[in-house]
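The values are calculated or read from the model by the stated rules, or taken from the named source; none is laboratory data. Here the structure is a predicted model, which is why all the values come from computation and not from measurement. Note that we place each Cβ from the backbone using ideal geometry, even for glycine, and neighbour counts take in every protein chain shown. Just the protein is used for accessible areas: all its heavy atoms, side chains included, with ligands, DNA and RNA removed. Shrake-Rupley method; radii C 1.70, N 1.55, O 1.52, S 1.80 Å.
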Amino acid sequence: MMFSLESFAFSWSLNFILMIWYTYLASQISQKLDSDYFELKPFEKEGRIYKYLGVHVYRKLLIWIGWERISRKKNPIKNNLLLLKVCEHNTRESEKGHTIIALIVFTVAVVGSNSLDEAKWLITTNLLLNIYPIMVQRFNRPRYSRIIKNKMKEAV
């Protein structure tokens with residue numbers, strides 16, 4: 001069946017419907033996003049774990065498909081303290097959204113599938129559309145934080 005729980009079409013659609021839902025929800029609710037969850041853990045500081053897991057390859061894929069260009073139009077990176085703080089905040093917002101969606105998709109995979117084979121598209125799309133984006137945000141955030149910190153030092 002083309003649109004059954006174990007189909008690629010269902011998995012892809014579920015992820016994008018959840019992304020639309022979360023984008024709308026986030027636009028209606030403003031949050032500080034200053035929880036300890038967003039602080040990097042010691043094993044993340046240098047980004048080695050993310051490099052090992054292929055974050056650079058994934059980022060190149062985003063450039064190749066044009067996502068980076070679309071994202072930069074909406075959130076330009078400039079040598080401006082305020083814009084850098086917005087970009088850093090956006091990493092938190094994006095990570096939060098992808099985390100919520102990843103948990104929902106994972107729950108659908110566990111509850112709705114009878115086997116790993118039935119859940120393979122849910123797992124694959126979750127990995128590509130949510131888990132890797134979470135890792136990219138956690139990889140990028142310390143870079144923004146370092147630049148912001150240096151900019152603030154320059155301003156003093």
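Below, the figures for the structure above:
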item: Residue selected from the stretch 80-105 under the condition of a type in the set (S, T, N, Q) and assigned to a helix (DSSP H, G or I), by the criterion farthest from SER30 (Cα to Cα); result: THR99
item: Conditions (1) farther than 22 Å from LEU5 by Cβ; (2) touching a residue at least 40 places away in the same chain (Cβ under 8 Å): number failed by ILE104; result: (1)
item: Single condition VAL108 does not satisfy, out of (1) over 17 Å from SER13 (Cα atoms); (2) assigned to a helix (DSSP H, G or I); (3) open to solvent by 30 Å² or more (accessible area, probe 1.4 Å); result: (1)
item: Check on PHE139, surrounded by fewer than 17 Cβ atoms within 10 Å (Cβ to Cβ) and of a type in the set (Phe, Trp, Tyr); result: no
item: LEU84 being under 28 Å from GLU154 (Cβ atoms) and either out of contact with any strand residue (DSSP E or B) (no Cβ under 9 Å at 6 or more places or on another chain) or basic (Lys, Arg) (or both); result: yes
item: Residue match in the stretch 22-34 (condition: under 27 Å from ILE148 (Cα atoms) and charged (D, E, K, R)); result: yes
item: Number of positions in the stretch 113-126 that are exposed (fewer than 15 other Cβ atoms within 10 Å of the Cβ) and in a helix (DSSP H, G or I); result: 3
item: Residue within the stretch 84-102 that is more than 16 Å from the chain's Cα centre (by Cα) and surrounded by 11 or more Cβ atoms within 10 Å (Cβ to Cβ) present; result: yes
item: Only one of ILE148, ILE134 that is open to solvent by less than 40 Å² (accessible area, probe 1.4 Å), farther than 24 Å from LEU25 by Cα and not acidic (Asp, Glu); result: ILE148
item: Hits in the stretch 29-71 (condition: part of a loop (DSSP other than H, G, I, E, B), surrounded by 10 or more Cβ atoms within 10 Å (Cβ to Cβ) and not charged (D, E, K, R)); result: GLN31, LEU33, SER35, LEU40, GLY47, LEU53, GLY54
